[in-house]
């Protein structure tokens, strides 16, 4: 069993690392390639949707891996559509220096609102398709990604000691003006504790004596994903550059990336 768990963790980490790097690499290409990248990502999303539908009635280890992988493919479409600027928000200007409180929050929300709506709608579609089916690993994986992303965005807005804007292309550089660098905000410990508790529950479910092979693999996938989200939150506190993990995918941005 521990061999299966170890292999599942390695697969999750590799898929997270490689898919993130691939998205960043595409994002660093000349802006004239963005439409082609989005078309390619859309084809992947179609295949991922098929994978979710095909796996939802398959409560086996292979079904769990297929559902999880399909979810990452769908999430990748959203990442590419956001980072290329096709699905972001109506607010595309830097935060005014005098913006405070509700005004700053409203402006910040307007920079990403279309992206957030698309994510919520996708989560709703996945829930509608897979609800009541024996394999819901894809749904829970997407939910973990969605909640973790919202948590990260709120924490960056409220203020964190460390962050990098290297992931933002030139056309989205204004987003960095809505990120506050400062002491640890009150939400970050709550996010860390909640994520840790969830990871512990997932680990216990995977290691339970009554767990089937499907549950071992499925809950290990979810636990590894939750743990990676916790690590991403940890990067907001520690003076470490998470961008170093994908340096291979982030050469100097080519000229012309400001084009719309």
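The values are calculated or read from the model by the stated rules, or taken from the named source; none is laboratory data. Just so we're clear, the structure is a prediction, and the values are computed from it rather than from any experiment. Glycine also receives a Cβ, built like all others from the backbone with ideal geometry; neighbour counts cover every protein chain displayed.
Structural remarks
- Test: residue in the stretch 99-119 that is assigned to a loop (DSSP other than H, G, I, E, B) and without any contact (Cβ under 8 Å) to a residue 60 or more places away in the chain: yes
- Verdict on residue 57 being buried (at least 21 other Cβ atoms within 10 Å of the Cβ) and either in a loop (DSSP other than H, G, I, E, B) or within 18 Å of the chain's Cα centre (by Cα) (or both): no
- Between 144, 126, 72, the distinction of being over 23 Å from residue 231 (Cβ atoms), in contact (Cβ under 8 Å) with a residue 40 or more places away in the chain, in contact with a helix residue (DSSP H, G or I) (Cβ under 8 Å, 6 or more places away or on another chain) and buried (at least 19 other Cβ atoms within 10 Å of the Cβ) belongs to 126 only.
- Test result for residue 92, touching a helix residue (DSSP H, G or I) at 6+ places or on another chain (Cβ under 7 Å), on the phi < 0 side of the Ramachandran plot and surrounded by 16 or more Cβ atoms within 10 Å (Cβ to Cβ): no
- Pairs linking a residue in the stretch 230-245 that is under 14 Å from residue 159 (Cα atoms) to a residue that is modelled with pLDDT under 70 and outside any loop (DSSP other than H, G, I, E, B), with Cβ atoms under 9 Å and 6 or more positions apart or on different chains, are 235/242.
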